[in-house]
1. Hey, could you check the stretch 1-27 for residues that are open to solvent by less than 30 Å² (accessible area, probe 1.4 Å), among the small types (Gly, Ala, Ser) and out of contact with any Gly (no Cβ under 9 Å at 6 or more places or on another chain) and say which is modelled with the highest pLDDT?
2. Determine the pairs where a residue that is in contact (Cβ under 8 Å) with a residue 12 or more places away in the chain and surrounded by fewer than 18 Cβ atoms within 10 Å (Cβ to Cβ), located within the stretch 28-50, has a partner that is among the charged types (D, E, K, R) and assigned to a strand (DSSP E or B) with Cβ atoms under 9 Å apart, the partner being 6 or more residues away or on another chain.
3. Identify all residues within the stretch 82-110 that are closer than 24 Å to residue 123 by Cα, part of a helix (DSSP H, G or I) and either polar (S, T, N, Q) or under 15 Å from the mean Cα position of the chain (by Cα) (or both); write none if there are none.
4. Which residue is surrounded by the most Cβ atoms within 10 Å (Cβ to Cβ), if the candidates are limited to the stretch 108-129 and must be touching a residue at least 12 places away in the same chain (Cβ under 8 Å) and farther than 27 Å from residue 36 by Cβ?
5. So how many residues does the stretch 108-122 have that are farther than 15 Å from residue 67 by Cβ and at pLDDT 90 or above?
Amino acid sequence: RGMETRGTARRSRVGMKILIAEDDEFFENLYQTKLRSLGFPMELRFARDGVQVLLALGSRVPDALILDLGLPALNGLDTLRALRKDARTARVPVVVVTGMSDEQIAVLGPVPAGTAVMNKPVPFERLAGYLEALYYLKQII
């Protein structure tokens, strides 16, 4: 009977699958440390450039994407546009985290509507609130 209870509890708490697109190893380590301390189950995957993000999205769609705009190979905004055009990934919640100014972002083009934008240094309290809301929403859907 005890095993049934543990199994049921484990199934009822579905973890978050979060893909983080970040080319800076310092920020990658910071994300790992800060996000793993949030207190809910999660799987973190990392991509170092926009091409890796698209390949990762092709193999498994995450529950959320944290996306740096200043990625090599394919910048974050072009990556975001590609993901919004694909029916499988169009509705993935995206948080853009960038060290770019509004003027620098404007040169790349507009950030698609409905995309959360946060400036570096990463406001982890705000990011945590966003991810926790997604996690608890996932539990009731």
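The values are calculated or read from the model by the stated rules, or taken from the named source; none is laboratory data. Owing to the predicted nature of the structure, the values given are computational and were not obtained by experimental measurement. A quick note on method: Cβ atoms are made from the backbone with ideal geometry, for glycine too, and the neighbour counts reach across all protein chains shown. Please note that ligands, DNA and RNA were not included when accessible areas were found on the heavy atoms of the full protein model with its side chains. Shrake-Rupley method; radii C 1.70, N 1.55, O 1.52, S 1.80 Å.
1. So the first thing to find is which residues in the stretch 1-27 are open to solvent by less than 30 Å² (accessible area, probe 1.4 Å), and the list is 7, 15-16, 18-22.
If we keep only those that are among the small types (Gly, Ala, Ser) as well, we get 7, 15, 21.
With the extra rule that they be out of contact with any Gly (no Cβ under 9 Å at 6 or more places or on another chain), the set shrinks to 7, 15.
Values: 7: 34, 15: 88.
Looking at residues that are open to solvent by less than 30 Å² (accessible area, probe 1.4 Å), among the small types (Gly, Ala, Ser) and out of contact with any Gly (no Cβ under 9 Å at 6 or more places or on another chain), I get 15.
2. 42/17; 43/17; 44/17; 45/17
3. 104
4. From the stretch 108-129, those touching a residue at least 12 places away in the same chain (Cβ under 8 Å) are 108-109, 111-112, 115-120, 122, 124, 127-128; that's our starting set.
Checking the rest, the ones that are also farther than 27 Å from residue 36 by Cβ come to 108-109, 111-112.
On the way: 108: 16, 109: 11, 111: 19, 112: 14.
My answer is 111.
5. So the answer is 1.
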